[in-house]
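Quick notes on the structure that follows.
The values are calculated or read from the model by the stated rules, or taken from the named source; none is laboratory data. All values derive from a computational prediction rather than experimental measurement. Reconstructed Cβ throughout: ideal geometry from the backbone, glycine too, with neighbour counts over all protein chains shown. Heads up: the accessible areas ignore ligands, DNA and RNA and are worked out on the full protein's heavy atoms, side chains in. Shrake-Rupley method; radii C 1.70, N 1.55, O 1.52, S 1.80 Å.
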Amino acid sequence: MNVSLPEPMRDYVQNRIDSGQYASVSDYVRDLIRRDQSVIVNEERWLKELDASIDESLQEMKAGGGHDLDEVCDTIIADIQKSASGASHQ
């Protein structure tokens, strides 16, 4: 496999090798690929966990659990307004 890079990128990779961080260009590219694979695996795991959490929440709501968002927001707004009016009367 051949990869073409502009000169600034070639210089950057060569500096990484010269500094001892990598043994060769191939070593550097393999490390980049491993890091990319790790990011993808972590994203997939996060999405699966999010889907499971959403499913669990939906099941809880269907079973009568949880709270209505409109009611929660109305309560919070009322509390804020009450605090704001109480602070202005002091």
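The figures follow:
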{"quantity": "Pairs where the first residue, in the stretch 15-39, is basic (Lys, Arg) and the second is surrounded by 13 or more Cβ atoms within 10 Å (Cβ to Cβ) and outside any helix (DSSP H, G or I), C-beta under 6 Å, 6+ apart", "calculated": "ARG16/TYR22"}
{"quantity": "Any hit, the stretch 14-28, residues being in a loop (DSSP other than H, G, I, E, B), under 31 Å from the mean Cα position of the chain (by Cα), surrounded by 10 or more Cβ atoms within 10 Å (Cβ to Cβ) and small (Gly, Ala, Ser)", "calculated": "no"}
{"quantity": "Per-region count, the stretch 45-73, residues assigned to a helix (DSSP H, G or I) and open to solvent by 100 Å² or more (accessible area, probe 1.4 Å)", "calculated": "10"}
